[in-house]
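Input: a single structure, listed below in C-alpha cells.
Throughout, read-outs are computed from the coordinates displayed, never taken from laboratory work. Predicted model only: the values in this text are computed from it and were never measured. Positions of Cβ are backbone-derived with ideal geometry, glycine not excepted, and every protein chain shown enters the neighbour counts.
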Amino acid sequence: MSGDPRMWPMNEIHPHTTAAQKQLLDRLNWRYATKEFDPNCKIRPEDWAVLEEALLLTPSSGGLQPWKFVVVTDPAVRARLLPVSYGQLQITDASHLVVFAAKQDFAEADVDAFIRRTAEVRGVSVESLAPFRAMLVGGIVNSMDKPARNAWARNQAYIALGNLLTSAALIGVDACPMEGFDRAQYDEILGLKSQGFASAAVVALGYRASSDRHASAPKVRFPKEQVLTHI
C-alpha cells in the first residue's frame, strides 16, 4: 500500500498510522474540562513553548489570524480577573491562563499587514499578491458590516481555542475552556479595547487536582448515529 494517504482505499487505514490514531483517541478520552487544578503543579517551560507554537500554527480564514492570545501570568492580574469570572478558581489555580481576543472592525489595513507578512515570509513581491489581496478584501472587509466582521473574528478565535485543547491533551496537559466571564471587564483589565481587540474566550491550563471528581466521570456524548451523518 502506498505511503500517501490520498492513495489509500476509502475503507482501509494504513497500518503505520494505527498507533497515532489510538494515541489521539486515548488523549481525547483522557481530557475533560478540568474543574479543579493543582496550584502547585506548573507546566514545564519546554511544554508551554510547544503549546504556544501550536497556537501560532492554528489555521484561520484566508490565513488572516484576526486574533491575539494573551497569556496572563501575573498573579495580581489573575486576582483581578477572578471576581469578574464569577469566582471560578481555575482562573487563579491553573498554571497558565490564556485569553483569546478577537480583532474588532477588521479592515483593509489588516489585510495589507497580512499581505506584507506573506510577501516577506515567502520571498515574493507585494504586487504579485494583488489578486489574493483583492479576494480577501472583497470576501471579508467589503462583504460584511462591522458586527458581522466582529462575529467572524470571534469565530476564528474559537478555532484556536479548539486547537489548543487538543494540543494540550496530546502532551498530557489539562485544560478548561471558559466563557463564564464578564467580557467588558476583561477588556478593561487587560487593556484589549485600546488595542482594537475584544475577549472571546478563556482557557485555563495546568494539571488536575486529585480531588477533582470530574476527572473520572464518564464522558456524556450523544450517540454517533444521532450527530454524524454520511451523505
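Data overview
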{"read-out": "Candidate set from the range 178-215 (those that are in a strand (DSSP E or B) and touching a Lys or Arg at 6+ places or on another chain (Cβ under 9 Å)); member that is nearest to residue 162 (Cα to Cα)", "value": "201"}
{"read-out": "Checklist (1) surrounded by 12 or more Cβ atoms within 10 Å (Cβ to Cβ); (2) touching a residue at least 40 places away in the same chain (Cβ under 8 Å); (3) more than 18 Å from residue 174 (Cα to Cα) applied to residue 91, failing item", "value": "(3)"}
{"read-out": "Filter result for residue 53 (within 14 Å of the chain's Cα centre (by Cα) and among the acidic types (Asp, Glu))", "value": "yes"}
{"read-out": "Filtered residue count, the range 19-66, keeping only those that are more than 17 Å from residue 98 (Cα to Cα), among the small types (Gly, Ala, Ser) and either in contact with a Phe, Trp or Tyr (Cβ under 9 Å, 6 or more places away or on another chain) or in contact (Cβ under 8 Å) with a residue 40 or more places away in the chain (or both)", "value": "4"}
{"read-out": "Residue ID - surrounded by the most Cβ atoms within 10 Å (Cβ to Cβ), chosen from residues in the range 94-112 that are assigned to a loop (DSSP other than H, G, I, E, B) and not small (Gly, Ala, Ser)", "value": "106"}
{"read-out": "Qualifying residue in the range 120-140 (condition: closer than 24 Å to residue 64 by Cα, under 16 Å from the mean Cα position of the chain (by Cα) and either among the charged types (D, E, K, R) or surrounded by 17 or more Cβ atoms within 10 Å (Cβ to Cβ) (or both))", "value": "no"}
{"read-out": "Looking only at the range 80-118, and only at residues there that are of a type in the set (Phe, Trp, Tyr) and under 21 Å from residue 206 (Cα atoms), the one that is nearest to the chain's Cα centre (by Cα)", "value": "100"}
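Each row is one residue, and each column tells you yes or no for (1) in a loop (DSSP other than H, G, I, E, B); (2) out of contact with any strand residue (DSSP E or B) (no Cβ under 6 Å at 6 or more places or on another chain).
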residue: 39; (1), (2): yes, yes
residue: 55; (1), (2): no, no
residue: 59; (1), (2): yes, yes
residue: 62; (1), (2): no, yes
residue: 70; (1), (2): no, no
